[in-house]
Amino acid sequence: MQRVSESGVGQQLVYSTTSKLRKLLSWLEATGRIEQQAVDIVPKAKAPRPEPPDTYTDEEVELIVGAIDTASPTGRRNLVACLLAARLGMRSSDIVGLRFDNLAWKESCISFASAKTGQPTVLPLTNEIGTAIIAYVKEGRLESDEPYVLVRHNPPYTRMRPAIVYDIVSEAMGRAGIARDGRRRGPHALRASVATRMMGSGVPLPVITRALSHGCSDTSKFYLKADIEQLRRCALDVLPLVNTWWMTGGAR
């Protein structure tokens, strides 16, 4: 465990490793496989404190979307992937898993079960996203029998990997010339930006939970940390300190 701590890995991995090891030793003792109480020799690691999510402003998001060159078939595909992340906050796994039968054109909605949580999700199929999909299918998508909307543009022409979506968004952020300022890049940052924007607009937390395909509202609350304006509303006035014990000679 000392080697793990000194290896430079994140606190989350240290905490996860020690917790699993303690559970294993407790089970070994409870089932009689070991006699001594070995769990006490495993150090307890502190749970990492979640940091606020990295987000981008509306102006920055527009620059990111506008940085994608749609003159090529690959560019038209990349625009669809970026819009799904920037406008709807979809995960990379759900973007690459989007099928044609998930698109309800008459109802103007996108329906799917999240690959990560299994939660049924219904999102708006906006004119912007619909137009981008049509342009890609007509003028960019390669011949493929795959049921997925987005496919690889190098053989084999199959379903994309989630890592490709990360590359698409990260490269667009770089071309847009946006300063990172320590912020992460990739579709998850756009997802966090969508969540923060919804919270700032007063969208109820249960609605945000369904839109982000979260299993519960507690997960969606994580994005509250990035909404500074909403957090300011929770600030309490500090009452003046009068007649306190240290002002009346109580201090020694």
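Some points to look at:
- THR70 closer than 21 Å to GLU171 by Cβ, open to solvent by 50 Å² or more (accessible area, probe 1.4 Å), at pLDDT 95 or above and not in a helix (DSSP H, G or I): yes
- Matching residues in region 26-67 - criterion: being more than 22 Å from LEU13 (Cα to Cα), surrounded by 12 or more Cβ atoms within 10 Å (Cβ to Cβ) and of a type outside the set (Gly, Ala, Ser): LEU28, GLU29, ILE34, THR55, TYR56, THR57, GLU60, VAL61, GLU62, LEU63, ILE64, VAL65
- Filtered residues of region 135-178 (kept if within 24 Å of ASP54 (Cβ to Cβ), open to solvent by 60 Å² or more (accessible area, probe 1.4 Å) and free of Cβ contacts under 8 Å to residues at least 24 places away in the same chain): ASP167, GLU171
- Any hit, region 33-56, residues being among the polar types (S, T, N, Q), assigned to a loop (DSSP other than H, G, I, E, B) and in contact (Cβ under 8 Å) with a residue 12 or more places away in the chain: yes
- Hits in region 157-168 - residues which are within 17 Å of LEU98 (Cα to Cα) and in a helix (DSSP H, G or I): PRO162, ALA163, ILE164, VAL165, TYR166, ILE168
- Only one entry of CYS216, CYS234 meets the criterion of being over 30 Å from ASP101 (Cβ atoms), modelled with pLDDT under 95 and not aliphatic (A, V, I, L, M), and that entry is CYS234.
- Residue under evaluation MET199, criteria (1) closer than 22 Å to GLY75 by Cβ; (2) hydrophobic (A, V, I, L, M, F, W, C); (3) free of Cβ contacts under 8 Å to residues at least 40 places away in the same chain, criterion not met: (1)
- Members of region 79-102 that are touching a strand residue (DSSP E or B) at 6+ places or on another chain (Cβ under 6 Å) and farther than 19 Å from ARG161 by Cβ: LEU88
- Selection status of GLU128, out of contact with any Lys or Arg (no Cβ under 8 Å at 6 or more places or on another chain), part of a helix (DSSP H, G or I) and more than 16 Å from VAL96 (Cα to Cα): no
- Of all residues in region 83-125, those being among the aromatic types (Phe, Trp, Tyr) and either open to solvent by less than 20 Å² (accessible area, probe 1.4 Å) or part of a strand (DSSP E or B) (or both) number 1.
- Residue within region 131-138 that is under 16 Å from ARG152 (Cα atoms), among the aliphatic types (A, V, I, L, M) and not in a loop (DSSP other than H, G, I, E, B) present: yes
- So GLY140, is it over 25 Å from the mean Cα position of the chain (by Cα) and small (Gly, Ala, Ser): yes
- Every residue from region 17-37 that is at pLDDT below 80 and out of contact with any Asp or Glu (no Cβ under 7 Å at 6 or more places or on another chain): GLU35, GLN36
The values are calculated or read from the model by the stated rules, or taken from the named source; none is laboratory data. Just so it is clear, the model here is predicted, and its values are computed rather than measured. Counting neighbours? That spans all protein chains shown, and the Cβs are built from the backbone with ideal geometry, glycine included. To get the accessible areas, we keep the full protein, side chains included, count just its heavy atoms, and leave off ligands, DNA and RNA. Shrake-Rupley method; radii C 1.70, N 1.55, O 1.52, S 1.80 Å.
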